[in-house]
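For reference, the structure discussed in these notes is given below.
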Amino acid sequence: MIALAGVPSGKSTGSHEARELRDEDGRGVTRAIAAVDGEISSMLVGREWSSPEEIDAALIALDGTPDKGRLGSNSMLGVSMAAWRLFAMEEGVELWRYLANKTGYTPRMPRIFSNVINGGVHANMRLPFQEYMLIAAADTVRESFDELYKLFTDLRHTLEQETRAMVPMGDEGGYSPTFDTIDKPFEILSGLIKGHPHFSLAIDAAASELFENGAYHILGKTYSRDELLVVYRGLAARYPLESIEDPFAEDDTQGFAAITEALGGTRLIVGDDLTVTNKTRIQSAIEAKLANALLVKPNQIGTISETLEAIRLAREARWEIIVSHRSGETKDTFIADLAYGIGAYGLKAGGLTQQERLEKYERLIEIERQISR
Ligand code: PGA
Ligand code: ZN
């Protein structure tokens with residue numbers, strides 16, 4: 001049996017994430033490949049392994065650092081994902097079923113969080129917030145996807161009319177126009193989904209990227225924490241904005257606490273750079289009520305076992321789970337199985353013009369077909 005895995009990489013990474021191993025030029029991954037072929041495979045080969053958790057624990061021990069900096073979260077995660085796949089294959093079950101059995105969660109189709117307008121560092125800061133997403137929650141994922149696809153095409157026409165130009169694309173396969181007000185993308189997207197009851201809006205402000213010298217910088221203006229909260233309250237009041245990710249910088253716990261108190265009763269306040277799929281950070285965020293939803297990115301932590309522990313912790317606190325891709329993706333579809341298998345609220349997998357994003361949505365549709373047979 002052979003199991004493969006592809007590992008993604010982020011551009012707007014949280015500073016508390018596990019460390020990738022890169023070459024001296026900061027780009028290549030020959031050192032990470034050498035770690036897998038060398039140290040990791042010497043440890044793995046020729047031994048009996050009884051579970052993927054056992055392999056993950058051995059990887060963590062072999063690395064021996066708190067941030068996976070020695071072997072690299074990229075080397076470790078690829079091996080971990082392949083190990084989970086291999087054990088599922090050996091049991092003769094789909095990966096999502098294996099993950100559901102292991103965790104005891106009931107599988108459920110996630111809502112699709114599709115990043116249709118890309119800003120922030122994914123688009124050279126042409127727009128202040130990093131991601132403007134449509135949340136699709138039709139009765140089936142097939143219907144969600146089909147409707148989303150139509151809206152995505154309509155959006156291009158609207159944006160071309162508004163900006164009177166060809167619209168450039170961002171890193172995550174969404175459009176990347178320029179506007180000079182915070183509200184404009186929200187006006188356009190709420191107009192777009194009018195009459196589409198299964199749709200609402202989400203953003204990832206990725207506010208760590210907006211934060212400098214103690215303040216937030218948006219479209220040439222400076223906002224204090226309190227002023228930025230007023231901005232979010234206004235957006236939530238004016239538009240069908242259901243979910244706000246990283247509204248404040250990763251260590252601005254006061255900002256997160258304030259918005260969770262103000263809007264957390266009716267909106268999702270999602271931790272990404274705040275929590276980095278790390279159980280220590282998640283535990284503190286739960287205790288201080290800094291969010292009510294967790295973005296889950298396996299490569300922020302480096303093994304699937306730890307990813308599942310992070311999910312368990314958040315779910316015990318009744319947080320919603322949104323499983324997520326990275327801006328630098330591969331065609332690997334592990335996260336689609338993970339989102340379905342653990343019954344996540346959402347799967348965030350980007351816009352609809354890049355094959356590596358579409359693969360995730362297609363995998364959900366394939367799973368839907370499997371379960372309806
Ligand atoms: P990244 O951004 O993959 O570029 O880090 C994604 C996100 O912030 O959610
Ligand atoms: Zn994010």
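Where a number appears in this text, it was derived from the coordinates with a stated rule and is not lab data. Given the structure is predicted, the values throughout are model-derived calculations rather than measurements. Here the Cβ is made from the backbone with ideal geometry for all residues, glycine too, and neighbour counts use every protein chain on show.
Students often get this wrong, so check it: of Lys184/Lys289; Lys150/Lys360; Lys11/Lys102; Lys184/Lys221, which have C-alpha atoms separated by over 27 Å? Flagged as over cut-off: Lys184/Lys289; Lys11/Lys102. Placing pseudo-labels 7 Å out from each Cα toward the beta carbon at His198 and Ser224 gives an inter-label distance of 4.5 nm.
Note on Arg27 and Thr106: their simple-model spin labels are 5.0 nm apart, each label 7 Å out from Cα toward Cβ. Output the 0 to 90 degree angle, nearest 10, between the alpha-carbon long axis of helix 184-193 and the longest principal axis computed from the alpha carbons of the chain. Approximately 80 degrees, to the nearest ten. Put in line by how crowded their Cβ is, counting other Cβ atoms within 10 Å and starting with the fewest, Glu306, Glu53, Glu287 read Glu287, Glu53, Glu306. Note on Arg164 and Thr353: with the Förster distance fixed at 30 Å, the Cβ-Cβ geometry gives a FRET efficiency of about 0.90. Each Lys and Arg Cβ is given +1 and each Asp and Glu Cβ -1; about its Cα centre, the range 1-160 then shows a dipole of about 280 debye. Output the 0 to 90 degree angle, nearest 10, between the alpha-carbon long axis of helix 52-63 and the longest principal axis computed from the alpha carbons of the chain. Helix 52-63 and the main axis of the chain meet at about 90 degrees. For Ser50 and Ala3, the difference between the fully extended length at 0.36 nm per residue and the C-alpha to C-alpha distance is 15.3 nm. When the trypsin sites (Lys or Arg not before Pro) in the range 36-78 are filtered for DSSP coil states and for at most 13 other beta-carbon atoms within 10 Å of their beta-carbon, the remaining sites are Arg47.
Neighbour counting of Cβ atoms within 10 Å sorts the residues Leu352, Leu59, fewest neighbours leading, into Leu352, Leu59. Around the Cα centre of the chain, unit charges on the Cβ atoms of Lys, Arg, Asp and Glu (plus for the first two, minus for the last two) sum to a dipole of about 580 debye. When DSSP beta bridges are restricted to pairs lying wholly in the range 103-372, around 45% turn out antiparallel. When the alpha carbon gyration tensor of the range 54-116 is reduced to an equivalent ellipsoid, the three semi-axes, largest first, read 26, 18, 10 Å. The label-point distance for Ser15 and Thr178, in a model that sets each label 7 Å from Cα toward Cβ, rounds to 3.0 nm.
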